[in-house]
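Written out below as structure tokens is the structure these notes cover.
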Amino acid sequence: MGGLHYEGAIFRPPSEASSLILQISIGCSHNACTFCIAYKKKVFRTKSWPEIEADIAVIKKNYPTVQRIFLADGNALCLDTEILLKTLHQLYRELPLLERVSIYGAPQDILQKTPEELKEIRNAGLEIIYFGLESGSDNVLTLINKNVSAAQMVEACHKAQNAGFSLSVTAIAGLGGQALTEEHAVETASVISAINPTYFSILTLMVVKTAPLYKQIQRDEFRLLTPLQDLQEIRLLLDKSTLTNCIFRSNHASNYVPLRGILNRDKNALIALLDKALADPTLLRPESTRGL
Ligand code: SF4
């Protein structure tokens, strides 16, 4: 995006592909999950108000008709409430066609803000929080060094929902490896059902060589699922989930079988599709075409 000040590689959720990205923080304040290399090269910091204000002026000049903005990086919701409010007020004031602003938020970011602060941020026009649940199992969360419990995940999500936010929650199939696959599926189903988010997506674990998890695989401390085990895990997770009008996607480049629908309405059809793929592995996305 011409003229905007971006530092390092920028990530955004697939559904924000057409949004303009405004970077208000650099990296991830946790930056220690064993499977994730997204922000490993960045030293975490939040941008100052003058830095953000300068970028908003660039947006106003170069992209005055923008309708959707995504606030990056990893967990930009950790910014001081005052700066977040200033950012949102300035964006909506300067960009008359702006319809939606969204953000990545970690559970700690939500838990650290008061219900009033969250409501104020929501009322200022932040609409969607993208939330990395990864797993509903405490054992898996400990294994991946997420530094948060499943109960805190649920607490944070309910707090955000009570403030009026839409949540887009992501889990990662295969994250418990072979040892914890059943627990990962069943407990993630239980947690996602308790959250009942607006959007739910399941990615499939892919491990790059620079991720700490890669070394655990080399040492045989973690065994990746086979593609068919991955489908069995997703099948069990869907089977055990109880959701209401939840927009479900598992059609990322990392997934072996693309799934999409409304849960629970389409649960049986999605499970039938998985059963078809389990019976005929030629229907799976070839390993060589999978991507992060
Ligand atoms: S998965 Fe999320 S919280 Fe964990 S290191 Fe990556 S960006 Fe940070």
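Values in this text are rule-based calculations from the coordinates and carry no lab data. A quick note: this is a predicted structure, and the numbers were derived from the prediction, not measured. All Cβ positions, glycine included, derive from the backbone under ideal geometry; neighbour counts span all protein chains shown.
Overall shape of the chain was characterised from the C-alpha gyration tensor. The equivalent ellipsoid obtained from it has semi-axes of 33, 20, 19 Å, in decreasing order. Label zone (Asn147, point 7 Å along Cα-to-C-beta; backbone nitrogen cut-off 13 Å) within the range 83-113: 106-109.
Near Met153, once Lys and Arg are set to +1 and Asp and Glu to -1 for all other residues with Cβ below 12 Å from its Cβ, the sum equals -2. Computed from backbone phi with θ = phi - 60° and the Karplus coefficients 6.51, -1.76 and 1.60, the 3J(HN,Hα) list for the range 260-275 is 7, x, 10, 10, 7, 3, 9, 3, 5, 5, 5, 5, 5, 5, 5, 4 Hz; x is used for glycine and proline. Rg to Rh for the range 175-222: what is it, with Cα atoms only and Rh by Kirkwood? Looking at the range 175-222, the ratio lands at 1.08.
Between 0 and 90 degrees, the angle of helix 150-162 with respect to the longest Cα principal axis of the chain falls at about 40 degrees. Over the range 60-150, the reciprocal of the mean inverse Cα-Cα separation, the Kirkwood hydrodynamic radius, stands at 14.4 Å. Stretching Asn268 away from Asn123 to a fully extended chain increases their span by 48.4 nm, per 0.36 nm per residue minus the current alpha-carbon distance. Could you tell me whether the range 241-292 comes out rounded, prolate or oblate from its Cα gyration tensor? Rule is a ≥ b ≥ c as square roots of the eigenvalues, rounded for a/c under 1.5, then prolate if a/b exceeds b/c, otherwise oblate. In terms of gyration-tensor shape, oblate. Maximal additional length on extending the Asp239-Arg100 stretch stands at 46.7 nm, based on 0.36 nm per residue less the C-alpha distance. Positive-end ranking of Ser18, Ala76, Leu273 along the dipole of the range 14-281, with charges on Cβ about the Cα centre, is headed by Ser18. Around the amide H of Thr46, modelled in the peptide plane, lie the amide H atoms of Ile26, all under 5 Å away and 5 or more residues distant in sequence or on another chain. Isolated cysteines in the chain, defined as those with no second cysteine Cβ under 4.7 Å, comprise Cys28, Cys78, Cys157, Cys246. Other residues within the sphere of radius under 13 Å centred on the Cβ of Cys246, judged by their own Cβ, net out at +3 (K and R +1, D and E -1).
Could you state the angle between the C-alpha long axis of helix 49-62 and the longest principal axis of the C-alpha atoms of the chain, as a value from 0 to 90 degrees rounded to the nearest 10? For helix 49-62, the angle is close to 90 degrees.
Taking a virtual spin label 7 Å from the Cα of Tyr63 along the C-beta vector, which residues in the range 78-104 bring their backbone nitrogen under 17 Å of it? Residues 87-104 fall inside that zone.
Between the amide H of Gln23 and those of Ala72, distances stay under 5 Å, these residues lying 5 or more places away or on another chain, with hydrogens modeled in the peptide plane.
Beta bridges from DSSP with both residues in the range 14-281: antiparallel share about 20 percent, rounded to the nearest 5.
Across the chain, where is the longest run that never hits GluC sites (Glu not before Pro) in a DSSP loop with at most 12 other C-beta atoms within 10 Å? It runs 100-220. Can you give me the C-alpha center-to-center distance between the range 105-138 and the range 64-90, rounded to a whole angstrom? After rounding, the separation between the Cα centres reads 13 Å. Local charge for Trp49 was computed over the other residues whose Cβ lies under 15 Å away, with Lys and Arg +1 and Asp and Glu -1, and equals -2.
Considered as an equivalent ellipsoid built on the Cα gyration tensor, the range 169-292 has semi-axes of 23, 17, 13 Å, the largest given first.
In the chain, the longest principal axis of the Cα atoms and the axis of helix 227-240 are about 70 degrees apart. Residues of the range 237-259 with an amide N closer than 19 Å to a point placed 7 Å from the Cα of Asp280 along the Cα-to-Cβ direction: 256-259. For the range 65-82, the Karplus equation 6.51 cos²θ - 1.76 cosθ + 1.60, evaluated at θ = phi - 60°, returns couplings of 9, 4, 10, 9, 10, 10, 8, 10, 9, x, 9, 4, 5, 6, 4, 3, 4, 4 Hz by residue, with Gly and Pro reported as x. Once the chain from His89 to Gln178 is taken as fully extended at 0.36 nm per residue, the excess over their C-alpha distance is 27.3 nm. Give the shape of the range 1-102 as rounded, prolate or oblate, defined through the alpha-carbon gyration tensor: a ≥ b ≥ c are the square roots of its eigenvalues, a/c under 1.5 means rounded, and otherwise the shape is prolate if a/b is larger than b/c and oblate if not. It comes out prolate by the Cα gyration axes.
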